[in-house]
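Report on the following structure.
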Amino acid sequence: MATGVDQAVGMGLVLFSLALFSYYSVWVVVLPFMDGDHMLQQYFLPREYSVILPGIAAVVLLLMIGAFTAAVVWMNHKPKKVD
Amino acid sequence: MTKLMQWLFGASLLGGLWALVSFDLLDLNLPHTYREVAWPMPLYLLVSFGCFSLATVGYRVATFNDCDAAAKELQEQIREAREDLRRRGLKM
């Protein structure tokens with residue numbers, strides 16, 4: 001079995017993704033079937049955010065990948081020799 | 001029919017079904033709640049797939065067996081590779 005920190009990080013990832021999946025599922029699938037004044041509704045943001053927040057996350061992810069690629073390419077750019 | 005064509009066919013079928021329900025293309029006048037659940041479906045499936053991938057990676061990290069000898073050998077090889085690349089001019 002993996003030791004210490006590895007196990008903690010791995011299990012943390014599993015629990016985080018489970019929590020995220022449950023929250024998002026209730027938000028998107030369960031909430032429309034409940035009344036507007038149900039007690040559960042107060043724990044969730046308005047429904048528009050269920051589309052906007054993943055969109056922002058995707059943009060941020062792509063930005064970071066692009067920035068990393070740009071940084072590595074820029075640091076290894078060698079100007080062509082002139083003969 | 002190639003695999004690509006099969007996947008594209010299936011995807012366009014599902015996409016058509018989704019568009020039909022979300023944008024009411026056939027004027028079926030489904031109840032409002034069903035349309036509200038169907039509309040974010042592509043994004044929801046994408047988020048679920050991301051969660052599943054994250055959970056798989058996390059689980060495999062947690063249950064991976066330690067191999068000390070291989071770990072030492074790998075560290076040594078990483079060091080050598082870094083040295084070699086640095087000599088050839090790759091800046092990290």
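The values are calculated or read from the model by the stated rules, or taken from the named source; none is laboratory data. Computed from a prediction, not measured in an experiment: that's the story for all the values here. All Cβ positions, even for glycine, are placed from backbone atoms using ideal geometry, and neighbour counts span all protein chains on display. What goes into the accessible areas is simple: the full protein's heavy atoms, side chains included, and nothing from ligands, DNA or RNA. Shrake-Rupley method; radii C 1.70, N 1.55, O 1.52, S 1.80 Å.
The requirement of being modelled with pLDDT of 90 or more, assigned to a helix (DSSP H, G or I) and at the interface with chain B (Cβ under 10 Å from one of its Cβ atoms) is not satisfied by A:Gly66.
Any chance the range B:69-86 includes a residue that's open to solvent by less than 100 Å² (accessible area, probe 1.4 Å), closer than 30 Å to A:Phe16 by Cβ and more than 14 Å from every other protein chain (Cβ to nearest Cβ)? Yes, the range B:69-86 contains at least one residue that is open to solvent by less than 100 Å² (accessible area, probe 1.4 Å), closer than 30 Å to A:Phe16 by Cβ and more than 14 Å from every other protein chain (Cβ to nearest Cβ).
Among the residues making up the range B:20-57, those that are aliphatic (A, V, I, L, M) and within 26 Å of A:Met34 (Cβ to Cβ) are B:Leu20, B:Val21, B:Leu28, B:Leu30, B:Val37, B:Ala38, B:Met41, B:Leu43, B:Leu45, B:Leu46, B:Val47.
Filter the range A:1-26 for residues that are farther than 20 Å from B:Ser48 by Cα and more than 7 Å from chain B (Cβ to nearest Cβ); which is most open to solvent (accessible area, probe 1.4 Å)? So the residue we want is A:Val5. Against the definition (open to solvent by less than 90 Å² (accessible area, probe 1.4 Å), aliphatic (A, V, I, L, M) and either touching a helix residue (DSSP H, G or I) at 6+ places or on another chain (Cβ under 6 Å) or within 16 Å of B:Leu43 (Cα to Cα) (or both)), how does A:Val29 come out, yes or no? For A:Val29, the condition - open to solvent by less than 90 Å² (accessible area, probe 1.4 Å), aliphatic (A, V, I, L, M) and either touching a helix residue (DSSP H, G or I) at 6+ places or on another chain (Cβ under 6 Å) or within 16 Å of B:Leu43 (Cα to Cα) (or both) - is met. How many residues, within the range A:42-57, are of a type outside the set (Val, Ile, Thr), in a helix (DSSP H, G or I) and either open to solvent by 50 Å² or more (accessible area, probe 1.4 Å) or touching a Leu at 6+ places or on another chain (Cβ under 7 Å) (or both)? Final tally of qualifying residues: 6.
Residues considered: A:Tyr43, A:Tyr24. Of these, the only one that is hydroxyl-bearing (Ser, Thr, Tyr), closer than 30 Å to B:Arg35 by Cα and touching a residue at least 12 places away in the same chain (Cβ under 8 Å) is A:Tyr24.
Screening the candidates B:Phe49, B:Phe64 for the property of being free of Cβ contacts under 8 Å to residues at least 40 places away in the same chain, more than 7 Å from every other protein chain (Cβ to nearest Cβ), among the hydrophobic types (A, V, I, L, M, F, W, C) and within 30 Å of A:Ser25 (Cα to Cα) yields one hit, B:Phe49.
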